[in-house]
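A.B. asks: The structure that follows is given in the form of structure tokens.
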């Protein structure tokens, strides 16, 4: 590379866009965590569901996860990327207009999520709950971000791309791929769609997405930020640049394969489960390589760490990253997963990652950025120290009760008496015992939240005392041309070529992605069809949509694993062939309540009247239950205006409803509804057949029925 | 469109070799990265390391 001192160019860094994203991350961090706090306490005090739809747990939990992931962390990523990218490349962002479109577009998406999720518009796919128009908006805004980033990279004034930028590129390209593939859905109304995939296929695509959303939204961009902000805060370069190269390529290549570890012991083919587990274990190497690289950057300046809250936040963030990435592979081992899956252990695991790694790294970055951009010292180091300590204690108070709850729950589910019966046959016993632990978790969360509020005060005070610089002057020599070196190794070559870097990253993640999809597409031929499994009736289909709207899948799984403790409690284990008409799949990932896969079968079947009363107030049928009440289902009329359209959509997706059945559907629906309403009347419950509750009851009574019919056929 | 892709993937002959190929790609790739790292010039590494401080 040749620079000429005569050719020194003057330009300005755009700090205003960094400030905007920075404010957004703080505001949405507060909101997202506050919602988290509310839902944590709802599990102890069900009254906090307030008896209205928009504040029930099932609708607020997706709001919490979306807010902290895409609004808090998302805006944090963009703030950090827009700050570091300009400086690492010695240039202003490619286009101020694109920056603005990106910022406002992203905030509008968040706003639409904040409105639609509490209103019950959801696809039910975790961390991808937003409905199709918002999915399209996300795609467009993501392209704007990538366009702006690549424009900036292409007009850079430095030859080589620093490692942080590789992580940004991999993030952009992989999130685009994940989002598009997982969002294939068939619209039936403005805010209602059905997943293109069904059952096992849908589950595999969803967890390929879900796992890699953690990898490429919560991890790789933050590793990029770590490689920039930790050296900056420590005022020394990263410990090993060689390690960072290995870290990058190994991480993006291995991560993408590990998705099936979310579906161990499920109806997914065994080889796909094993592949996921093997790659998950391999992930320890690059993850710990990265963590150690971050921590060792601080070698020789640990005395500084003692005095500087920013570095303390970063140390705990890296430690949390190390803990979570050690635990992740552990949880992918089938024998550990058998204990942890569906329990609060998962909740503990994700919050070590979320609160420590993402939360603390963001806080460290904010405390570093605000004084620099507002050109004044931090208002109070003491308050930042207080934030650090109460936040750290908060994480501990959050995590320990959740680990405890996870173990307690799992062991109670699996415990048998000497006579060979389940020791706790009533699921409720395994829930009520956790209430104190849930309370302690809520207190831990509150401590963490207080720390955040203190930070907000500290940062606002700092900003008021300072003077914000929107456009920061800088100068650098123009990049004249690349100097081709003799015997240039491929990596040195690629470090200078962002577009090739993008293509290579895409190829790497696509290889893992495609390998994971092979079982998905082979499944149809692998899975023996179960002749007795039939499509849902129109009423059941409507009931299923209510089940999705209310977020029942957040607490109730529909996947019985092949363990004696589960088959004793719920009946026969789940088969892949049972879900062929499930658009989307509803296996769930957590059992705050019992599994419902066989809720309509002999062993678990309850009278219609029981379901009616249970929905009106769960504590009438199940004292001490922590489930929210759903009285509006009894008042609301079932909307049958799109029933025909839904049948048509399902047929397009491959569900074998006869041609023209959409015209008969509502008639059949009313007939079945009347039967249920009549049955309720016999039980002294008078309710119109046109109410939503009837559809939900029909759906619940259908669950698991098909497979029990097959048994009868075999017996005959 | 999706159905078209699906059917073709379902009917790939000798699909069993697929994971083996991917493992080979995987290991060859990492061996290349390792060789590159071993041969890497120290001065160049120092230069890259210090980009954030320039």
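The values are calculated or read from the model by the stated rules, or taken from the named source; none is laboratory data. Because the structure is predicted, anything quoted here is derived from the model rather than measured. Glycine also receives a Cβ, built like all others from the backbone with ideal geometry; neighbour counts cover every protein chain displayed.
A.B. asks: Considering every residue within the range A:295-303, establish whether at least one is outside any loop (DSSP other than H, G, I, E, B) and either in contact (Cβ under 8 Å) with a residue 60 or more places away in the chain or surrounded by 23 or more Cβ atoms within 10 Å (Cβ to Cβ) (or both).
C.D. replies: No, the range A:295-303 contains no residue that is outside any loop (DSSP other than H, G, I, E, B) and either in contact (Cβ under 8 Å) with a residue 60 or more places away in the chain or surrounded by 23 or more Cβ atoms within 10 Å (Cβ to Cβ) (or both).
A.B. asks: Can you tell me which residue is nearest to the other protein chains (Cβ to nearest Cβ) among those in the range A:472-495 that are in a loop (DSSP other than H, G, I, E, B), at pLDDT below 75 and crowded, with 16+ Cβ neighbours inside 10 Å?
C.D. replies: Among residues in the range A:472-495 that are in a loop (DSSP other than H, G, I, E, B), at pLDDT below 75 and crowded, with 16+ Cβ neighbours inside 10 Å, the one nearest to the other protein chains (Cβ to nearest Cβ) is A:489.
A.B. asks: Can I ask one more? Kindly evaluate residue A:208 against the criterion of being touching a helix residue (DSSP H, G or I) at 6+ places or on another chain (Cβ under 8 Å) and away from every other protein chain (no Cβ under 13 Å).
C.D. replies: When the stated conditions are applied, residue A:208 passes them.
A.B. asks: I'd like to verify a number: residues in the range A:635-651 that are part of a helix (DSSP H, G or I) and surrounded by fewer than 16 Cβ atoms within 10 Å (Cβ to Cβ), how many?
C.D. replies: 2
A.B. asks: Additional query: Need pairs with beta-carbon distance below 9 Å; first residue free of Cβ contacts under 8 Å to residues at least 12 places away in the same chain and within the range A:550-568, second part of a loop (DSSP other than H, G, I, E, B) and surrounded by fewer than 21 Cβ atoms within 10 Å (Cβ to Cβ); sequence gap 6+ or separate chains.
C.D. replies: Sorted first by the residue in the range A:550-568, then by its partner, the pairs are A:567/A:561; A:567/A:573.
A.B. asks: Return yes or no: is residue A:185 within 14 Å of another protein chain (Cβ to nearest Cβ) and either under 30 Å from residue A:264 (Cβ atoms) or buried (at least 24 other Cβ atoms within 10 Å of the Cβ) (or both)?
C.D. replies: yes
A.B. asks: Please find, among B:17, B:35, B:45, B:12, the residue that is at pLDDT 80 or above and more than 8 Å from chain A (Cβ to nearest Cβ).
C.D. replies: Matching residue, one of B:17, B:35, B:45, B:12: B:35.
A.B. asks: Only residues that are assigned to a strand (DSSP E or B) and either crowded, with 22+ Cβ neighbours inside 10 Å or within 14 Å of another protein chain (Cβ to nearest Cβ) (or both): list them for the range A:192-205, please.
C.D. replies: Within the range A:192-205, A:193, A:194, A:195 qualify.
A.B. asks: Out of A:137, A:176, A:213, report the one residue that is modelled with pLDDT of 95 or more and either buried (at least 19 other Cβ atoms within 10 Å of the Cβ) or assigned to a helix (DSSP H, G or I) (or both).
C.D. replies: A:137
A.B. asks: Go through the range A:71-101 and count every residue that is assigned to a helix (DSSP H, G or I) and either within 13 Å of chain B (Cβ to nearest Cβ) or without any contact (Cβ under 8 Å) to a residue 60 or more places away in the chain (or both).
C.D. replies: Count: 13.
A.B. asks: For the range A:579-612, give me the residue count where each residue is surrounded by fewer than 19 Cβ atoms within 10 Å (Cβ to Cβ) and more than 30 Å from the chain's Cα centre (by Cα).
C.D. replies: Here the count works out to 8.
A.B. asks: Another one. For residue A:160, all conditions in the list (1) part of a loop (DSSP other than H, G, I, E, B); (2) more than 14 Å from chain B (Cβ to nearest Cβ) hold save one; what is the number of the exception?
C.D. replies: (2)
A.B. asks: Among the candidates A:132, A:208, A:142, single out the residue that is surrounded by fewer than 22 Cβ atoms within 10 Å (Cβ to Cβ) and either touching a residue at least 60 places away in the same chain (Cβ under 8 Å) or closer than 17 Å to residue A:286 by Cα (or both).
C.D. replies: Step by step, each of A:132, A:208, A:142 is checked, and only A:132 is surrounded by fewer than 22 Cβ atoms within 10 Å (Cβ to Cβ) and either touching a residue at least 60 places away in the same chain (Cβ under 8 Å) or closer than 17 Å to residue A:286 by Cα (or both).
A.B. asks: Looking at residue A:165, is it within 14 Å of chain B (Cβ to nearest Cβ) and either assigned to a helix (DSSP H, G or I) or at pLDDT below 95 (or both)?
C.D. replies: So residue A:165 fits the description; yes.
A.B. asks: May I ask you to list the residues in the range A:425-460 that are surrounded by 21 or more Cβ atoms within 10 Å (Cβ to Cβ), free of Cβ contacts under 8 Å to residues at least 60 places away in the same chain and not in a helix (DSSP H, G or I)?
C.D. replies: Residues satisfying the conditions do not exist here.
A.B. asks: Same structure again: Any residue at all in the range A:117-124 that's in a helix (DSSP H, G or I) and either within 28 Å of residue A:449 (Cβ to Cβ) or in contact (Cβ under 8 Å) with a residue 12 or more places away in the chain (or both)?
C.D. replies: no
A.B. asks: Then there's this: For residue A:355, indicate whether it is touching a residue at least 24 places away in the same chain (Cβ under 8 Å), closer than 25 Å to residue A:262 by Cβ and within 18 Å of the chain's Cα centre (by Cα).
C.D. replies: The answer is yes for residue A:355.
A.B. asks: If you take the residues in the range A:230-240 that are outside any loop (DSSP other than H, G, I, E, B) and within 9 Å of chain B (Cβ to nearest Cβ), which one is farthest from residue B:45 (Cα to Cα)?
C.D. replies: A:232
A.B. asks: Determine, yes or no, whether residue A:111 is out of contact with any helix residue (DSSP H, G or I) (no Cβ under 8 Å at 6 or more places or on another chain), within 28 Å of residue A:391 (Cβ to Cβ) and in a helix (DSSP H, G or I).
C.D. replies: The answer is yes for residue A:111.
A.B. asks: Every residue in the range A:241-265 that is assigned to a loop (DSSP other than H, G, I, E, B) and crowded, with 23+ Cβ neighbours inside 10 Å, please.
C.D. replies: A:256, A:257, A:258, A:264
A.B. asks: Name the helices (runs of 4 or more DSSP H) wholly within the range A:536-634 that hold at least 3 residues that are under 24 Å from residue A:681 (Cβ atoms)?
C.D. replies: Helices (runs of 4 or more DSSP H) meeting the threshold: A:538-549, A:608-616, A:618-621.
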